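Participant: This is the structure, below, for whatever I ask next.
The values are calculated or read from the model by the stated rules, or taken from the named source; none is laboratory data. Predicted model, so just to flag it, every value in this text is computed and none were measured. Every residue, glycine among them, receives a Cβ derived from its backbone with ideal geometry; neighbour counts consider all protein chains shown. All accessible areas refer to the heavy atoms of the entire protein, side chains included, with ligands and DNA or RNA removed. Shrake-Rupley method; radii C 1.70, N 1.55, O 1.52, S 1.80 Å.
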Amino acid sequence: MDATRTIPFFNYPALFQTQEKELLAVITDVCRRGAYILQKDLRDFEANLASFLNVKHAFGVANGTDALIIALRAAGVEPGDEVIVPSHTYIASAASIHFAGAKPVLVECAPDHMIDPKSAARAVTKRTKAIMPVQLNGRTAEMDALQAIADRHGLLIVEDAAQGLGSKFRDRCAGTFGVAGTFSFYPAKVLGCFGDGGAVVTNDDAIARKVALLRDHGRDKDGRVVKWGLNSRLDNLQAAILDFKLKTYPREIARRREIAARYEAGLGDLAQLALPPTPDADPAHFDVYQNYEIEADRRDGLREHLEQRGVRTIIQWGGTPVHQFKELGLKASLPYTDRFFTRCMMLPMNTTLSDDDIDYICAAIRDFYR
Ligand SMILES: *Cc1c(COP(=O)(O)O)cnc(C)c1O
């Protein structure tokens, strides 16, 4: 084994360096025009994002967390409401519910790492207003089962699709199932910009109007304040960069799916691991592999072994699902999620990895279990 080799978990400089010339042209163009806030590049990106997702409205906002807060408020989630959300998610999902004034009710994930519909159904009370499925790792949750629960109890669905841009369930894009859905363009996300960025999408005209007001000080088209609002706009410069990258995004997804298939080919026979579904495992799902999250026997030993061989891995959320943050006082007993977090970890997954990198990682893992 080549002990001097290093495979970073995510290559941040490569985000810019692989297309430096083209990106500088985009940035120069925007800056020469002095087009910084709520300009044409943002409107173009919003239109192209909506068309990519096949959704009626898309709004660029400051980040994926604001996107969730704005989506929840526009959908009508209010103080006193409860919103069901999986504990296996970023703190931002639960925090957005808190800042919309409602109470996050944490539930289990299922073996596919997505929200467990059975656990969600058990958590419904008279106060439940919405379910927030989290389209984690570039996969879409079992939306039929979740929609059935929502229909039965008259609940809204607001999707956290921060990790799911382009992922589909029954040919429908993540983010477009519920009354509103959200995305993040944090640099390490599948479609990443050079700072913070996010979006809210919806097919509902009334919700769209509220989102447009909430992200820009409650001002209507004539600049009149008609509602309390925030300053949460996606920078025009970031929008121009995202619009440029969206054009070749399907290629990025294709490469991620290739990498997932190569991991499967290299590791699929190891009984000590549980891998994500292969790209073509289930015709109902189209996964974009934001992450490659596995379960592993002797997980900590495996991570140490890989670290010594220069392969950087991480455990999602720093290893702590939301219900384990004691200081937040969110009491929930989630034994499946507790056990899952003793076994889960993420292997490098991004388009700067070569086939040879993947083979090296697979060989190092096989070596550990030998
Ligand atoms: C990244 C992420 C967010 C928040 O996005 P930011 O742009 O960082 O605010 C929310 N939910 C999930 C699941 C995420 O992965």
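Participant: Assuming residue 304 fulfils every condition listed in (1) open to solvent by 60 Å² or more (accessible area, probe 1.4 Å); (2) in a loop (DSSP other than H, G, I, E, B) apart from one, which condition is it?
Facilitator: (2)
Participant: Go through region 217-242 and count every residue that is open to solvent by less than 20 Å² (accessible area, probe 1.4 Å) and within 17 Å of residue 69 (Cα to Cα).
Facilitator: So the count comes out to 3.
Listed here are the residues, each with its yes/no results for (1) assigned to a helix (DSSP H, G or I); (2) touching a residue at least 12 places away in the same chain (Cβ under 8 Å).
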{"residue": "264", "(1), (2)": "yes, yes"}
{"residue": "269", "(1), (2)": "no, no"}
{"residue": "289", "(1), (2)": "no, yes"}
{"residue": "293", "(1), (2)": "no, yes"}
{"residue": "317", "(1), (2)": "yes, yes"}
{"residue": "333", "(1), (2)": "no, no"}
{"residue": "337", "(1), (2)": "yes, yes"}
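Participant: Just to confirm my filter: which strands (runs of 3 or more DSSP E) fall fully inside region 148-209 and include at least 2 residues that are in the same structural domain as residue 61 (by TED's automatic domain parsing) and either more than 15 Å from the ligand (Cβ to nearest atom) or of a type in the set (Asp, Glu) (or both)?
Facilitator: Working: elements: 156-160, 180-184, 198-202.
In region 148-209, the matching strands (runs of 3 or more DSSP E) lie at 156-160.
Participant: Hey, among 95, 47, which residue is assigned to a helix (DSSP H, G or I), surrounded by fewer than 17 Cβ atoms within 10 Å (Cβ to Cβ) and within 16 Å of the ligand (Cβ to nearest atom)?
Facilitator: 95
Participant: Only one of 156, 106 is of a type in the set (A, V, I, L, M) and surrounded by fewer than 24 Cβ atoms within 10 Å (Cβ to Cβ). Can you tell me which?
Facilitator: Only one candidate passes the filter, namely 156.
Participant: For region 339-359, name all the residues that are open to solvent by 20 Å² or more (accessible area, probe 1.4 Å) and touching a residue at least 24 places away in the same chain (Cβ under 8 Å).
Facilitator: 342, 343, 351, 352, 355, 357, 359
Participant: Can you name the residue in region 128-139 that is within 13 Å of the ligand (Cβ to nearest atom) and of a type in the set (S, T, N, Q) and, of all such residues, is surrounded by the fewest Cβ atoms within 10 Å (Cβ to Cβ)?
Facilitator: My answer is 137.
Participant: For residue 308, indicate whether it is more than 18 Å from residue 111 (Cα to Cα) and under 22 Å from the mean Cα position of the chain (by Cα).
Facilitator: no
Participant: Okay, next question. Quick check on region 19-33. Is at least one of its residues touching a residue at least 12 places away in the same chain (Cβ under 8 Å) and within 16 Å of the ligand (Cβ to nearest atom)?
Facilitator: no
Participant: Could you check region 265-301 and list, in sequence order, the residues that are open to solvent by less than 20 Å² (accessible area, probe 1.4 Å) and among the acidic types (Asp, Glu)?
Facilitator: Correct list: 287, 293.
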